[in-house]
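For reference, the structure discussed in these notes is given below.
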């Protein structure tokens, strides 16, 4: 009987808890992408680097706060610096909108031109971030590292496997719930939020109703900046901050947004968890789990890992391809696919 | 000059003119209907009055004020409201939210207006929480008209409100439109179903190739043998 | 290009480019100038490939890196000598595993197409995929292990076919075309964003495979010392005729051998560039090219006129990717080594895009010019940026932390500069240096 518990605990420790945390991070990232897509109607390739920028701004203030001895232990100091990071990112995105995208809107440029422009913005942000903070790994997590240590869990339960629950994981999940609730409250309950949905739904009719498109765009960038920074900081706390990793997050984030249906916020959240759990379950080595759940001699020899972690991108990609093949509008139905 | 009038309008998209010296007008509390064969420029005339199409010559007046140069958004603020033929509701928003968005430019309390719309279209009150995209064609048109009424307009413009709905629903919709007109709103609409529309019209405009062919009261046009034969298929 | 038609602008621009390269030759060194030029030539071929996709058809390929790497790996697979011991150890296993994979895919497709819809179909489909996966892995994993155990410091992989490396240029193009076919089949016909994301994904995966499948590419251990299509400097320096020639030209044999080798490469690359350019121009001005542009400019009306838009797009996507693959193989040939970690999206995907957009989308000559200009600045931006930083920070104290940071970060200025160039061109000169006619 203990073996079964051990197996389940093992699974929750290495699959469920990390999957939940990673899924939350992807979901918040994908929400930003999907909002921009819904309103501005293009896939923002600069989103990963926007996340990097926001995280960088947060890290810089975190370091300053740490120097000044400010702390909100057991919570990480970065939480205190987060509003500052968001504010910087909002300014940055509004600036790029003013300098780059607004001109294209007036020209009524094709979506693909927006896409290319966002690639240009991505370049600039990428260079900016590396210029300021450098291309290397940065750690900025402080405070209590664990909510629950594996050793304590083992002592409490007497089992040989323990659940380790990192603060960053708990924080990620709690923040994700708060962020999603706040976002949905905003979209469904406030006048500005409803006008955003209306604009995304039917641009011409929104204009006829007197909704000011520039204002909608402004709100969208502000939300996207906040979401990107939060996602970036949570990911950085949970793992570490490296500019190139954030660029690479683009693929799982886009995959999450498309799987759920581009332009559909609910879909983005579901997509984030689908991608995250697929990635974690496929790259987890099941040997120990099987050793617990299969009687004695049957235990397998190898790692029993479906796919090496080096191929985690492939998981997002395969899911993306399946969705494109089977249901291009995404599971929850987003905008038209053609 | 009528309460709302587009006088001697000439213009079109790009280079080619679609409207030629076309005049349309409607009084408060009345219904004016534009009819004519396909490609006669009915919708274009409507769009010209609403400012969705810049006219080269002529002028548009509302309540004596020259609004020719105003954008559609500014005309909405002046008290005009427009129901497009297609995609005239926010499909992913609930019925109630559609009406709220209709009242977007209003900063005062519009719950009274919403109640009036619900009185006019009781079915909408029942389905207020449903996404507009899930409603039937006729119900959607009611949402569209309701949305347009939320600004408490002085003029309501309808582009083929009965396109694609069944005859029963059409009659029902026309009844509602008469009711709206009785409340003192000027109604200008384009209709495919010429005979039924002229039946309820105080004034009718028959357009052919962007020009006024016949202009008279609705009843007179229906009685006119030439109109009957050429345009009403009677 | 019609030279009699007063097409002075492009000619002047190409002349300016030649002058810039000559300046580097005089100021820095001719060897460096030729090195830059060789990469300019390869860049020009790559940007021609992207131009075929974007300029002709409006397709946004964000996976240029992947296709270039596919071409690149062909240099290894074609030219390196086979490792017989490795083949004996695990060759059969690999081949059997590949057959199992192929059979699984065929069976899956067969089930998808032929079986009646329903739960049974889904179950069989899943069962076949899962069974195929585990069966394949069961054969594959031990084979890989034994291959990688053969002299891991020197080989540890299957090696190539030992054929002339020039052949890899052809095979590289074909391999890239084959992958493009698969990607295009999936992502074309949907929104333009989906192709962008799908190509981004496939390129990441291709790089991941090249980095991790040691049995195939030695992974991050790299493959160096690829055979060359041109003579080796050391051989030239020892050849009597070469020494005499160098003496006649008044150069040392060492110096001249380096220049001579680079010139040989330049000759080969120029031949490819001219061939691709000629074919591209022919295609662009043929009825096919006119149709492509008509589709690009108005997809809806082209579709209404009965054109198979998705089919045409697939064609163009494959052709463009093949050209990128050829350029990738050329690059590996020039480097003489294959380094999977050197494939960075910024270097291999986005810079090529900047080349096309700056040069002039839809204009082949523009793409070529863009390839030259942007590569030139990409290389020269570093010394210029460093110099600029040095000047800007000269007022600061020698040991100032900020100054050090700024000087160290100058390299990242390149990314920013490229991004800025792209944005500025999009905004102020969207048709590029040599606009489409």
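Helix A:265-283 and the longest principal axis of the C-alpha atoms of chain A enclose an angle of approximately 30°.
Projecting label points 7 angstrom from Cα along Cα→Cβ for residue C:7 and residue C:384 puts them 2.7 nm apart.
Under the rule a/c < 1.5 gives rounded, and otherwise a/b versus b/c splits prolate from oblate, where does the range A:235-311 land using the Cα gyration tensor? Since a/c reaches 1.5 and a/b is larger than b/c, the shape of the range A:235-311 is classed as prolate.
Per residue, how big is the convex hull of the range B:82-152 when only Cα atoms are used? Give it in Å³.
On the way: hull volume 5.4 nm³, N = 71.
Spread over its residues, the Cα hull of the range B:82-152 gives 77 Å³ apiece.
Direction-averaged projected area, Cα convex hull, the range C:157-196: 4.2 nm², rounded to one decimal. Computed with the Debye formula from one identical point scatterer per Cα of the range C:269-378, without solvent, the log10 of I(q)/I(0) at q = 0.19, 0.21, 0.23 Å⁻¹ comes to -1.13, -1.28, -1.41.
Just subtract the alpha-carbon distance of residue C:85 and residue C:251 from 0.36 nm times their residue separation and send over the number in nm, one decimal. Please report the intermediate quantities before stating the final value.
Details: separation 166, 0.36 × 166 = 59.76 nm, distance 4.58 nm.
Fully extending the segment from residue C:85 to residue C:251 adds 55.2 nm.
Highest mean packing first, where packing is the average number of other Cβ atoms within 10 Å per residue, the peptides C:422-431, A:79-88 line up as A:79-88, C:422-431. Here the label points at residue C:28 and residue C:220, each 7 Å from Cα along the C-beta direction, are separated by 3.0 nm in the simple model.
A Cα-only calculation for chain C places Rg and Dmax at 24.5, 82 Å.
The mean sequence separation of alpha-carbon pairs under 8 Å and at least six residues apart, normalised by the residue count of chain C, gives a relative contact order of 30 percent.
Compute the Cα gyration tensor for the range C:52-176, then decide on rounded, prolate or oblate, letting a ≥ b ≥ c be the square roots of its eigenvalues: rounded whenever a/c is under 1.5, prolate when a/b is larger than b/c in the other cases, and oblate in all that remain. Cα axes put the range C:52-176 in the oblate bin.
Provide the percentage of antiparallel DSSP beta bridges, counting only those with both residues in the protein assembly as shown; round to the nearest 5.
Values: 25 of 42 bridges.
Of those bridges, close to 60 percent are antiparallel.
A Förster distance of 45 Å, applied to the separation of the beta-carbon atoms of residue C:95 and residue C:300, puts the FRET efficiency at 0.40.
Per residue of A:128-137, what is the mean number of Cβ atoms on other protein chains within 10 angstrom of that residue's Cβ? Please list the in-between numbers first.
On the way: counts 5, 3, 7, 10, 3, 2, 4, 3, 0, 0.
Counting other chains' Cβ atoms within 10 Å and averaging over A:128-137 gives 4.
For chain B, compute Rg over Rh where Rg is the Cα radius of gyration and Rh is the Kirkwood radius from the inverse mean 1/r over Cα pairs.
Working: Rg = 17.1 Å, Rh = 17.9 Å.
Rounded to two decimals, Rg over Rh is 0.96.
For the range B:1-63, the equivalent ellipsoid derived from the Cα gyration tensor has semi-axes of 19, 14, 9 Å, listed largest first.
Of the residues C:99, C:269, C:67, the one that moves most in a GNM of chain C with alpha-carbon contacts below 10 Å is C:99.
For chain A, the longest principal axis of the C-alpha atoms and the axis of helix A:17-40 are separated by about 10°. On the beta carbon distance between residue B:223 and residue B:38, with R0 = 22 Å, the FRET formula returns roughly 0.35. Which angle from 0 to 90°, rounded to the nearest 10, does the C-alpha axis of helix A:78-96 make with the longest principal axis of chain A? Once rounded, one gets 30 degrees.
Please rank A:239, B:42, fewest neighbouring Cβ atoms within 10 Å first, as an exposure proxy. Could you put the intermediate results ahead of the total?
Values: A:239 16, B:42 25.
Going from least to most buried by this count: A:239, B:42.
Treating each Cα of the range A:2-326 as one equal point scatterer and applying the Debye formula with no solvent, the log10 of I(q)/I(0) at q = 0.13, 0.14 Å⁻¹ comes out as -0.98, -1.11.
GNM on chain A, alpha-carbon springs under 10 angstrom: the most fluctuating residue among A:201, A:137, A:310 is A:310. Could you calculate, for the protein assembly as shown, the ratio of the Cα radius of gyration to the Kirkwood radius, expressed as Rg to Rh? That ratio equals 1.03. Other protein chain C-beta atoms within 10 Å of residue C-beta, averaged over C:129-141: 1.
Taking every alpha-carbon pair under 8 Å whose residues sit at least 6 apart, chain B reaches a relative contact order of 28 percent. Distances between every pair of Cα atoms in the range A:9-63, grouped in 5 Å steps from 0 to the bin holding the largest one, split as 5, 16, 17, 17, 16, 14, 10, 4, 1 percent.
Length available on full extension from residue C:275 to residue C:291: 0.36 nm per residue minus the Cα-Cα distance, which gives 3.5 nm. Residues of the range B:137-180 with an amide N closer than 18 Å to a point placed 7 Å from the Cα of residue B:77 along the Cα-to-Cβ direction: B:151-155.
Can you pull the Rg over Rh of the range B:97-228, Cα-only, Kirkwood? Could you put the intermediate results ahead of the total?
Details: Rg = 16.1 Å, Rh = 16.0 Å.
The Rg/Rh ratio comes out at 1.01.
When a/c is below 1.5 the answer is rounded, else prolate if a/b is larger than b/c, else oblate, so apply that to the range A:1-92 with a ≥ b ≥ c taken from the square roots of the Cα gyration tensor eigenvalues. Intermediate results must be reported in sequence, preceding the final value.
Numbers: a/c = 3.92, a/b = 1.30, b/c = 3.01.
It is oblate, given that a/c is not under 1.5 and a/b is not larger than b/c.
On full extension of the chain, what length is gained from residue A:285 through residue A:63, given 0.36 nm per residue of separation minus the C-alpha to C-alpha distance?
Values: separation 222, 0.36 × 222 = 79.92 nm, distance 3.64 nm.
So the chain would gain 76.3 nm between residue A:285 and residue A:63.
Helical content alone sets the calculated 222 nm signal of the protein assembly as shown at -20500 deg cm²/dmol, taking -39,500 (n - 2.57) per DSSP H segment of four or more residues and averaging over every residue. For the range A:207-338, pairs of C-alpha atoms spaced more than 19 angstrom apart make up 63 percent of the total. Sorting C:115, C:416, B:157, B:1 from the fewest to the most surrounding beta carbons within 10 angstrom yields B:1, C:115, C:416, B:157. The simple spin-label model puts a point 7 Å past each Cα toward its Cβ; for residue C:18 and residue A:152 those points are separated by 7.6 nm. When B:66, B:21, C:399 are sorted by how many other C-beta atoms sit within 10 angstrom of their C-beta, beginning with the fewest, the order is C:399, B:66, B:21. Structure remark: mean-square fluctuation, Gaussian network model of chain A, C-alpha springs under 10 Å; the largest value among A:125, A:26, A:104 belongs to A:104. Considering only alpha-carbon pairs that sit under 8 angstrom and 6 or more positions apart, the relative contact order computed for the range C:44-203 is 43 percent.
Bear in mind that the values in this text are calculations on the coordinates, not laboratory data. None of the values given here were measured: they were computed from a predicted structure. Here the Cβ is made from the backbone with ideal geometry for all residues, glycine too, and neighbour counts use every protein chain on show.
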